Amino acid sequence: MDTTTYLTWLPPALLAVGVLSWALARHQRRTDLRAEQAERLLHALERYSQWVCSQRLAAVFSGEGPEAAAALDAACTIRLAWFPELAGDMAELLGVHNRLINFLSMQQQLWLRDPEHWLESDHDKRFLALWRQHRFALQALLARLEQVARLRIAPAPTPPQHDTTYA
């Protein structure tokens, strides 16, 4: 290969290597950012799940509460910005959330109006059924997040144990 041919092909080859290097670095940065956002989403969902669990033992239900609202808001914001492919799974979790809030509100109203009827309403069993729905929706969301973000995610929190002191 003569010098002229070498000098002719060297700049385009260097440019191609530079473009490829830039593209790979950009892809790696994006992958790292998605992994970081997935961790943030995971943390927000964990905080929300802890709030759901705490509602079983709460003496008085006073609405969604700032901790649950902040956790769900953070999870929805991250999901919207970084993981649009999780829309269906997040919608399922929010549907369970709405059913849970409705149930807890109705139980609180019943407790205030008619405590005897509230005791007979089998509220704990109904709450645990909603908890299982929450856990199922959360596990599906976490499995999908693990798939799209290529992360290893620890299992979802275990359901609250059945307390026989109410029986």
Compute the relative contact order of segment 37-166 as a whole-number percentage, counting only Cα pairs closer than 8 Å that sit 6 or more residues apart in sequence. 30
Entry for P(r) over Cα pairs in 5 Å bins from 0, in percent (calculated from the structure that is shown) out of (1) 1, 8, 14, 16, 13, 10, 8, 6, 5, 4, 3, 3, 2, 2, 2, 1, 1, 1, 0, 0; (2) 2, 9, 18, 23, 21, 14, 8, 4, 2, 1, 0; (3) 1, 8, 17, 21, 23, 19, 8, 2, 0: (1)
Taking only DSSP H segments of four or more residues, each worth -39500 (n - 2.57), what value at 222 nm results for the chain once the sum is divided by all its residues, to the nearest 500 deg cm²/dmol? -27500 deg cm²/dmol
What whole number of Å gives the distance from the Cα centroid of segment 7-38 to the Cα centroid of segment 85-120? 50
What dipole magnitude, in Debye to the nearest 20, does segment 37-166 give about its Cα centre under +1 on Lys/Arg Cβ and -1 on Asp/Glu Cβ? 360
Most fluctuating of Ala149, Ala68, Ala129 in the GNM of the chain (C-alpha, under 10 Å) is Ala129
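Throughout, read-outs are computed from the coordinates displayed, never taken from laboratory work. None of the values given here were measured: they were computed from a predicted structure. Methodologically, a virtual Cβ is constructed for each residue, glycine included, from the backbone with ideal geometry; neighbour enumeration extends over all protein chains shown.
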